[in-house]
Each structure stands twice: as structure tokens, then as C-alpha cells.
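This report refers to the structure that appears directly beneath it.
The values are calculated or read from the model by the stated rules, or taken from the named source; none is laboratory data. Quick caveat, the model's predicted, so the values are computed rather than measured. Positions of Cβ are backbone-derived with ideal geometry, glycine not excepted, and every protein chain shown enters the neighbour counts. When the accessible area is computed, the model is the full protein with side chains, heavy atoms only, and any ligands, DNA or RNA have been set aside. Shrake-Rupley method; radii C 1.70, N 1.55, O 1.52, S 1.80 Å.
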Amino acid sequence: MSKHESNEPTPATRLVTGGRSPDPRVVNPPVYRASTHLYADCAALRAGVKSNTDGNFFYGRRGSPTQWALAEALTGLEPGAHGTVLYPSGVAAIAGALLAVVKPGDVLLVADNSYDPSRSMAKGLLKRLGVEARFFDPLDHRAYRAAFCDRTKAVWLENPGSLTMEVCDIPALAAEARERGAVSLIDNTWATALGFPALQHGCDIAVQALTKHVGGHSDLMMGSASAGERWYRALRRTAQDLGHVVSPDDAALALRGLRTMQLRLDRTTGTALALAGWLAARPEVAHVLCPMLPGDPGHSLWQRDFTGGCGLFSFVLAGRDDAARCRLVDALELFGIGYSWGGFESLALPFDVEPVRAAMDWPRPGWQDSDRYAIRLSIGLEDPVDLIADLEQAFAAMDNR
Ligand SMILES: *Cc1c(COP(=O)(O)O)cnc(C)c1O
């Protein structure tokens, strides 16, 4: 195959080439299970301080070659990123990124459809530190503009929104933030940099829960934040002040997950679309919340801004109650019941929206009052035929008492 020198390899290729071993004789970087770097003598120890830079092994907490390889691979996937900081969980990445940006007295605007722990952090930890959180509806640009004041330091975004899957106009929201002198941060876990190049769309810091698609096998917890040079430096300094480090074994697992991420995302996107279309035609279902599905309110923005999807979407039952919802979920055999997502196995999660919204209506405007009992599905690598059959028998069990 020919490769033109001037053409950068595509992200799908970089998944394979990024973060490889510096030793050309092996494919993967070794797992450096090490806290300590030894020096030959005092002179070497003193000279070694100069090696306390990105990509070098200086002391375990600063990162061994295994962690640096993963960080470098993630940076290579995020156009516009200067560097990536790794965190022991997705929530640690959210906290690490926000703490790198805000200080007492600042106002933080938080999109109302954000992941619940991000919301709790704004109302708890950040409030204790003197940061004022204001929740806004990311679909209402007039309200968003009105929410700014001269103390607004940062805007927290997520796209699509957790659980309810609204797609918002990130380029417009991020541009507005920049104009007002505010930093925009986004939780980009759903699409990853492969499906939504967040920095290219105007965000300053892109956060991901690597626990989900990058890990991909439901066996590790990790987070990341990628940014251009200015904010990368702040992220790195704050993470080091907080003592954040990830285990080299987990970094190696995440690198392994990264290699197949495009394949898994393609497969689960296809299956999710098939299931979403099937669910939309069911009389038991009032609404399918899946921006990848034509006809979804977020579909045109999704088509404009995203280069890929994933297997995570939700639906709302028609005229059923919580007990019916539980009968449905309990009857599923191929779907596990649990939090998290992005693994190779399918999961179902019943969720309630009212407790986790401050500025957006639920049921959504125009819906029936009974359209409130929702279920989120994380689609895995099973055959879609079997997943549809499982849902079909579970719908029968829901109504057959
Ligand atoms: C799961 C999740 C996180 C947090 O990741 P953890 O690794 O579980 O801490 C952050 N954002 C979103 C959207 C998530 O779904």
C-alpha cells in the first residue's frame, strides 16, 4: 500500500501505530512495575533531575514508559492536543481537569444534562472550595448567554448528555465561552476523540472515562484529559499536586483496548442503530433517545459534528410504570443490569431523570406525562439478532402478569 508523506495517518491507523514500544524488536511497551528509578551515583542522581520531563522515567508517580506510551497514543488521536494526563478513574479526570482551571470566587457553568457525579462535584467539592456552579440548559442558547457574568471562569459540557442523549451545538457553545474569556471543558466519553474531535470543535480540555470505550472490556478504571499546551501544563501540574497516577498494568490494558476501539465502536454503533430502529417501532416504547437514529431531535447536529457513534442509547416506555420497567429489565437474559458501559457485553440500566435535572424539563416538552420511565442500553458485541430476540421476550414478560 502506498502512503503519501504529506498525509497524516487517519485515527484508525493511529490506534495501531500510537504508543508502541521504543524498542523496535517488540510491539508493545513493557509493563514497568516500578516506583523507583535507580541512579549509579550522586552525580547521576543530580543529573537525573533534568529527566523529570514529559515522556521520561524519573519517579513512579511521574509516569513510567508504560503510562507515557498510553498518554502519547491518546494525544495522537486528539487533533489539537499537546498532551494527555491520565487519572485513576473518569471521575478523577473530571475533578483533576476542573481543579486545574477554577479557583475560589469563580463561577462554573454546568450543562444540565451532565453526568451525575460531575454535577455532584460542582455542588459539593467545588462549592466547598468557593466555586459557584450554575446549571444551564445546553439546548437554550439564549439562557446560556444570559448565564455568563464577569466571574464566569469555565463551562462544563457533555455531548450527547448522559442518560438522556441530547446533542448540543458544541462549536457554538465553545465559541461563546471563548469570546467571554471562559475555558470550555467537555466530557467526551460517549464519542471519544474518534467520533468527536472536541478540541477541533473549539473546546479547551477534552475529558474521557477510559473505563468505557478505551478499556472496552469491563476490567479497568481510568480517565484522561487532553489539551493544547497551555491547559495541558495546568492539568499536569494539578495532577502531580494531587498525586494522581495510574497503575502500569492498567495502562497496558488500556493500550490493548485502544487497538480494537475503532472495530468495537463500528460494530456496536451498527447494532445500536438496528436495536434503536426496532425499539422505535414497538408499541411499548414512547421515545427512543438515540442521536444516531434519523428523526431524533439531535440527529442533524450529530451528523454535522460527529464522525462516529457508539453502542450507548436510551428509550422511554409508553404508559408503563416503574414496576413494569423492572419486570422488563429483570426478564432480560443477555443484558447485564449495571452501571458503566462501553464493554464487550450488553448492559441495561433503568434511570430516573427528575432527581438529576435543574434546568431541563422531564418529561421533555410535548411528551405525555407518563413518558418518564427510561432505560439506558449499552450495546456489546453480541449478535444483534439475539439481542432483539432477548428484548422481544422481555417485553412479553413485562406485560404478561
Ligand atoms: C462513567 C462515566 C464517567 C466516569 O468514569 P469512571 O471511570 O466510572 O469514574 C464520566 N463521564 C461519563 C459520561 C461516564 O459515563
In Å, the Kirkwood estimate of hydrodynamic radius for the chain over Cα pairs equals 22.2 Å
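What length, rounded to one decimal in nm, is gained on full extension from residue 241 through to residue 151, with 0.36 nm per residue of separation minus their alpha-carbon distance?
Details: separation 90, 0.36 × 90 = 32.40 nm, distance 2.51 nm.
Here the segment from residue 241 to residue 151 would lengthen by 29.9 nm.
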log10 I(q)/I(0) for the stretch 261-399, Debye formula on C-alpha points only (no solvent), q = 0.11, 0.22 Å⁻¹, two decimals, reads -0.38, -1.51
Along the stretch 343-356, Karplus-curve 3J(HN,Hα) (6.51, -1.76, 1.60; θ = phi - 60°) to the nearest Hz, with x for Gly and Pro, reads x, 7, 10, 6, 9, 10, 9, x, 9, 10, 8, 3, x, 10
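Percent relative contact order of the chain, based on C-alpha pairs within less than 8 angstrom and at least six residues apart?
Working: 801 pairs, mean separation 64.2, N = 401.
In percent, rounded to a whole number, it is 16.
Tell me the Kirkwood radius of the stretch 1-143: reciprocal of the mean inverse pair distance over distinct alpha-carbon atoms, in Å. Don't skip to the answer; put the middle values down first.
Numbers: mean 1/r = 0.0530 Å⁻¹.
About 18.9 Å for the stretch 1-143.
Considering only the chain, what is the antiparallel percent among its DSSP beta bridges, to the nearest 5? Show your work: numbers first, answer last.
On the way: 24 of 43 bridges.
The antiparallel fraction comes to roughly 55 percent.
Given a Förster distance of 30 Å, report the FRET efficiency between residue 28 and residue 61 from their Cβ-Cβ distance, rounded to the nearest 0.05. If you can, show how the numbers build up before the last one.
Working: r = 23 Å, r/R0 = 0.75.
Here the calculated transfer efficiency is 0.85.
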Non-local residues with an amide H under 5 Å from the amide H of residue 285, with H modelled 1.01 Å from N and Pro and chain starts lacking one, are 318
Highest GNM mean-square fluctuation among 92, 73, 147, for the chain with Cα springs under 10 Å, belongs to 147
Computed, not fitted: 222 nm per-residue ellipticity of the chain from DSSP H runs ≥ 4 (each -39500 (n - 2.57)), nearest 500, equal to -11000 deg cm²/dmol
In Å², rounded to a whole number, the accessible area per residue of the stretch 11-259 with probe 1.4 Å is 41 Å²
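Can you tell me the equivalent ellipsoid semi-axes for the stretch 243-309? Use √(5λ) from the Cα gyration tensor, largest first, whole Å.
On the way: eigenvalues 213, 40, 31 Å².
Value: 33, 14, 13 Å, ordered largest first.
Need the full-extension length gain, residue 17 to residue 175, defined as separation in residues times 0.36 nm minus the C-alpha distance. One decimal, nm. Before the final figure, lay out each step's value.
Working: separation 158, 0.36 × 158 = 56.88 nm, distance 3.27 nm.
Working it through step by step, the gained length comes to 53.6 nm.
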For the chain, the longest principal axis of the Cα atoms and the Cα long axis of helix 322-331 enclose an angle in degrees, to the nearest 10, of 70 degrees
Any trypsin sites (Lys or Arg not before Pro) in the stretch 1-100 that lie in a DSSP loop and have at most 13 other Cβ atoms within 10 Å would be 3, 25, 33
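Could you work out the relative contact order of the stretch 85-132, using alpha carbon pairs under 8 angstrom and six or more residues apart, expressed as a whole percent? Mind dumping the intermediate values first?
Numbers: 31 pairs, mean separation 20.3, N = 48.
Here the relative contact order equals 42 percent.
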Counting as exposed only GluC sites (Glu not before Pro) in DSSP loop states with no more than 12 other Cβ atoms inside 10 Å, the longest exposed-site-free span of the chain is 6-332
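Take the solvent-accessible surface of the protein heavy atoms, probe 1.4 Å, and return the percent of it on the stretch 11-259 that carbon and sulfur atoms account for. Write out the running numbers ahead of the final one.
Values: 5460 of 10230 Å².
Answer for the stretch 11-259 is 53 percent, counting heavy atoms of protein chains only.
In debye, nearest 20, what is the charge dipole magnitude of the stretch 11-259 about its Cα centre with +1 on Lys and Arg Cβ and -1 on Asp and Glu Cβ, if you could check? Intermediate results must be reported in sequence, preceding the final value.
Numbers: 27 positive and 24 negative charges, 136 e Å.
About 660 debye.
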